[in-house]
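Shown next, in structure tokens, is the structure this report addresses.
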Amino acid sequence: AWQIKDKKVLVVGGGEVAAGRIFNCLNADASVTVVCPASGLNAEVAFRVAQKQVTHVDRVFEPSDLEGAEMVLVAIDDPVASTVIWKLCKEKKIPANIADVPPECDFYFGSVHRDGPLQIMVSTNGKGPRLAASIRRFIAGKLPRNAGNAVESIGLLRTKLRKVAPNAEDGPKRMRWMSKVSDTYKW
């Protein structure tokens, strides 16, 4: 998982795919700017703009939009414009994901199941996003109901253990003990 908390993410586009990207970025506490004419915003993106969850630039993309961006997500129906944006990102060494164009992606979005602190991601490396979602649903259906709570409990235990045995030399012993607890956890 890429840590994008407080990072400046630029989303070019305002349709359904952009809405999904925006949702994921906001869940990761990123600072999101959406560049898209207001007429191109779908209901979900328009809602996020109205709620001031994202910054909205009401026009088509301009190269100056890349200033300060730490990640760029392009979700527009214009392959030529998408490629131009991708090339600009490459020049500026800004990681980019161009929706539905795997060769123009520095990273892919997986299909994610969340249950509290538990996150399970399935990726097809851009080859079959809908299949990834199907596989994710299958895996999520096999999980015990308390899996997220179990992760939370283990995390609390781990924090307490670090307080009890805080020294660097305690690290290997702490890790062995936590491994035993995790390996013997009963569902």
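Read-outs throughout are calculated quantities, based only on the coordinates presented, and are distinct from any laboratory measurement. Not measured: the values here are computed from a predicted model. So basically every Cβ, Gly included, is an ideal-geometry build from the backbone, and we count neighbours across all protein chains shown.
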Inset, instruction - Only helical DSSP H runs with n ≥ 4 go in: add -39500 (n - 2.57) per run for the chain, normalise by residue count and round the 222 nm mean residue ellipticity to 500 deg cm²/dmol. - result: -13500 deg cm²/dmol
Legend entry - Unsatisfied cross-links (Cα-Cα over 27 Å) in the set Lys163/Lys186; Lys5/Lys52; Lys5/Lys173: Lys5/Lys173
Inset, instruction - Would you please put 51-57, 41-47, 96-102, 180-186 in order of how densely packed they are, using the mean number of other Cβ atoms within 10 angstrom per residue and starting with the highest? - result: 96-102, 41-47, 51-57, 180-186
Legend entry - Long-range amide H partners of Lys7 with built H, under 5 Å: Ser31
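Hey, what D do you get for region 8-109 in µm²/s if you plug the Kirkwood alpha-carbon radius into Stokes-Einstein at 10 °C and 1.306 mPa s?
D = 120 µm²/s.
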Legend entry - Leading residue at positive end of dipole, the chain (Cβ point charges), from Ser82, Gln53, Val181: Val181
Inset, instruction - Take the alpha-carbon positions of region 70-187, form their convex hull, and give its projected area averaged over all directions (one quarter of the hull surface) in nm². - result: 10.7 nm²
Legend entry - For the chain: relative contact order, % (alpha-carbon pairs under 8 angstrom, 6 or more apart): 14 percent
Legend entry - Of Arg21, Arg176, Arg59, the one that fluctuates the most in a GNM where the chain has Cα springs shorter than 10 Å: Arg176
Inset, instruction - Show the residues, 5+ positions off or on another chain, whose built amide H is closer than 5 Å to the amide H of Val57. - result: Val34, Val35, Cys36
Legend entry - Backbone N under 16 Å from the Arg114 label point (7 Å along Cα→Cβ), restricted to region 42-72: 48, 53-54
Legend entry - Inter-site label distance for Asp77 and Ser153 at 7 Å from Cα along Cβ, in nm: 5.0 nm
Inset, instruction - With springs only between Cα atoms under 10 Å apart, run a GNM on the chain and tell me which of Leu161, Leu131, Leu26 wobbles the most. - result: Leu161
